[in-house]
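Taken together, the values in this text are just the output of simple stated rules run on the coordinates, not laboratory data. Predicted model, so just to flag it, every value in this text is computed and none were measured.
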Amino acid sequence: MITYAAYFAFACYGAAMLMCLWKVAAADQIGDRILALDTMVINALALLVLYGLAFGTEIYFEVVLIIAMLGFVSTVAYARFLLRGNIIE
């Protein structure tokens, strides 16, 4: 039963990634694109955690932590660049 739930979760998060990719490509405002990219990072994290759970490997959880930190920093840096024109003052 848990395998079917994992497959369903893979499909849901995969569909969410595709929808976010569509929003990145078709959004009118740049703020919407930043939010869609941040949501794509979160969906990628969820997919990696599911992959780690499905195959019983622990290395993916450490990878998720690193990608989460990079995703947060990149979102903040991109938003700051759009607001102020530079990242480092």
Review point. Where does helix 30-55 land angle-wise versus the long Cα axis of the chain, in degrees 0 to 90, nearest 10?
Key: 20 degrees
Check your understanding: How far is helix 2-26 tilted, in degrees, relative to the longest principal axis of the Cα atoms in the chain, given as a value from 0 to 90 rounded to the nearest 10?
Key -> 20 degrees
Practice item. Could you tell me which of rounded, prolate or oblate describes region 2-84, using a ≥ b ≥ c as the square roots of the eigenvalues of the alpha-carbon gyration tensor, with rounded for a/c under 1.5 and, failing that, prolate when a/b is larger than b/c and oblate otherwise? Key: oblate
Review point. Using alpha carbons only, how many degrees (0 to 90, rounded to 10) separate the axis of helix 59-84 from the longest principal axis of the chain?
Key: 20 degrees
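Given a cut-off of under 8 Å on Cα pairs at least six residues apart, what relative contact order in percent is computed for the chain?
Numbers: 62 pairs, mean separation 21.5, N = 89.
Relative contact order here is 24 percent.
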